[in-house]
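Asks: Handing you this structure, nothing more for now.
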Amino acid sequence: MFTVRKTTKEDLPVVLEMYRTAREFMKANGNPSQWGDGRPSDAAIIKDIETGTSYSVVSVDSEGRETIEAEFSLWTGEDPDPNYARIDGAWLAPGPYGVIHKVATGGRRNGAAKFAMEWCETQIDNLRIDTHADNIPMQKLIEKMGYTYCGIVTVDDGTLRYAYQKLLRK
């Protein structure tokens with residue numbers, strides 16, 4: 001069973017290791033460039049923790065010990081990600097919206113990334129997410145979760161990302 005909580009500064013060593021593991025997984029599975037240059041940076045991860053937009057998917061064992069199983073960020077607002085202002089394509093609807101970023105798992109428990117995305121769907125009814133063309137596992141998850149492909153966005157490092165959106169009714 002998973003739960004979601006805000007990531008804390010005390011979690012940082014585990015979180016940084018999780019992103020390192022995710023980078024290795026991506027590289028081994030045909031996606032060497034999305035996070036190959038050390039992205040997301042430690043500074044970006046710390047900023048998300050400090051601004052309260054970083055979340056941990058955790059499991060708890062029978063003795064009450066937590067294990068962080070996945071990490072992600074959820075930014076919300078009228079225009080929380082300026083990279084989404086221009087799209088080669090079209091969004092399904094304008095903001096306010098939430099954007100899911102930096103999804104990573106430790107690879108120990110199946111379903112942690114899906115749980116993170118399901119949790120995001122309980123927080124806001126207009127969600128966006130992007131991923132690299134080579135990130136086939138994430139593309140499959142995004143599509144399985146019912147997101148609609150909307151086009152291509154250019155992110156801050158100049159690379160292109162497939163952009164998706166999901167509208168929910170609450």
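Asks: Considering the range 60-79 alone, what residues qualify as being more than 29 Å from residue 94 (Cα to Cα) and either surrounded by 10 or more Cβ atoms within 10 Å (Cβ to Cβ) or in contact with a Cys (Cβ under 7 Å, 6 or more places away or on another chain) (or both)?
Replies: Here is the first cut: in the range 60-79, the residues more than 29 Å from residue 94 (Cα to Cα) are 60-69.
Correct list: 60, 66, 67, 68, 69.
Asks: Hey, another quick one. Just need a number here: residues in the range 106-118 that are closer than 21 Å to residue 53 by Cβ and either of a type in the set (D, E, K, R) or at pLDDT below 90 (or both). Step through it out loud before you land on a result.
Replies: So the first thing to find is which residues in the range 106-118 are closer than 21 Å to residue 53 by Cβ, and the list is 106, 112-118.
Subsequent filtering for residues that are either of a type in the set (D, E, K, R) or at pLDDT below 90 (or both) retains 106, 114, 118.
Adding up the residues that qualify gives 3.
Asks: Of the numbered conditions (1) surrounded by fewer than 17 Cβ atoms within 10 Å (Cβ to Cβ); (2) over 12 Å from the mean Cα position of the chain (by Cα), residue 118 satisfies every one except a single condition; which is it?
Replies: The single condition residue 118 does not satisfy is (2).
Asks: Looking at (1) among the small types (Gly, Ala, Ser); (2) more than 24 Å from residue 9 (Cβ to Cβ); (3) modelled with pLDDT of 95 or more, can you tell me which one residue 56 breaks?
Replies: Every listed condition holds for residue 56 apart from (2).
Asks: Give the residues of the range 45-98 that are in a loop (DSSP other than H, G, I, E, B), touching a strand residue (DSSP E or B) at 6+ places or on another chain (Cβ under 7 Å) and aliphatic (A, V, I, L, M), sorted by residue number.
Replies: 87, 90, 92, 93
Asks: Ok, one more. I'd like to verify a number: residues in the range 102-148 that are in a loop (DSSP other than H, G, I, E, B), in contact with a strand residue (DSSP E or B) (Cβ under 9 Å, 6 or more places away or on another chain), farther than 22 Å from residue 16 by Cα and touching a residue at least 40 places away in the same chain (Cβ under 8 Å), how many?
Replies: 3
Asks: Working carefully through the options 23, 39, find the one that is of a type in the set (Lys, Arg), closer than 13 Å to residue 102 by Cα and assigned to a helix (DSSP H, G or I).
Replies: Values: 39 fails: assigned to a helix (DSSP H, G or I).
From the options 23, 39, the qualifying one is 23.
Asks: Out of all the residues in the range 25-59, which are farther than 20 Å from residue 120 by Cα, among the charged types (D, E, K, R) and exposed (fewer than 12 other Cβ atoms within 10 Å of the Cβ)?
Replies: 37 - this is the single residue of the range 25-59 that is farther than 20 Å from residue 120 by Cα, among the charged types (D, E, K, R) and exposed (fewer than 12 other Cβ atoms within 10 Å of the Cβ).
Asks: For the range 149-167, what are the residues that are assigned to a strand (DSSP E or B), of a type in the set (A, V, I, L, M, F, W, C) and within 18 Å of residue 72 (Cα to Cα)?
Replies: 163
Asks: Please tell me if residue 157 is on the phi < 0 side of the Ramachandran plot, in contact with a Leu (Cβ under 6 Å, 6 or more places away or on another chain) and not β-branched (Val, Ile, Thr). Explain how you work it out, then say what you get.
Replies: Details: on the phi < 0 side of the Ramachandran plot: yes; in contact with a Leu (Cβ under 6 Å, 6 or more places away or on another chain): no; not β-branched (Val, Ile, Thr): yes.
So residue 157 fails the test.
Asks: Within the range 149-170, how many residues turn out to be in contact (Cβ under 8 Å) with a residue 24 or more places away in the chain, among the small types (Gly, Ala, Ser) and farther than 15 Å from residue 127 by Cβ?
Replies: Residues in the range 149-170 being in contact (Cβ under 8 Å) with a residue 24 or more places away in the chain, among the small types (Gly, Ala, Ser) and farther than 15 Å from residue 127 by Cβ: 1 in total.
Asks: Scanning for something at pLDDT 90 or above, under 15 Å from the mean Cα position of the chain (by Cα) and assigned to a helix (DSSP H, G or I), does the range 5-16 turn up at least one residue? Let's see the steps before the verdict.
Replies: Of all residues in the range 5-16, those at pLDDT 90 or above come to 5-16.
Among the residues that remain, those that are also under 15 Å from the mean Cα position of the chain (by Cα) are: 5-7, 15-16.
Subsequent filtering for residues that are assigned to a helix (DSSP H, G or I) retains 15-16.
Within the range 5-16, one or more residues are at pLDDT 90 or above, under 15 Å from the mean Cα position of the chain (by Cα) and assigned to a helix (DSSP H, G or I).
Asks: For the range 31-72, how many residues meet the condition of being of a type in the set (A, V, I, L, M) and in contact with a Phe, Trp or Tyr (Cβ under 8 Å, 6 or more places away or on another chain)? Step through it out loud before you land on a result.
Replies: To start, the set of residues in the range 31-72 that are of a type in the set (A, V, I, L, M) comprises 43-46, 49, 57-58, 60, 68, 70.
Next cut, in contact with a Phe, Trp or Tyr (Cβ under 8 Å, 6 or more places away or on another chain) only: 45, 57-58, 70.
Residues meeting the conditions: 4.
The values are calculated or read from the model by the stated rules, or taken from the named source; none is laboratory data. The model shown is predicted, which means the values in this text are computed figures rather than measured ones. Because the Cβ atoms are built from the backbone with ideal geometry, glycine has one as well, and the counts that use them run over all protein chains shown.
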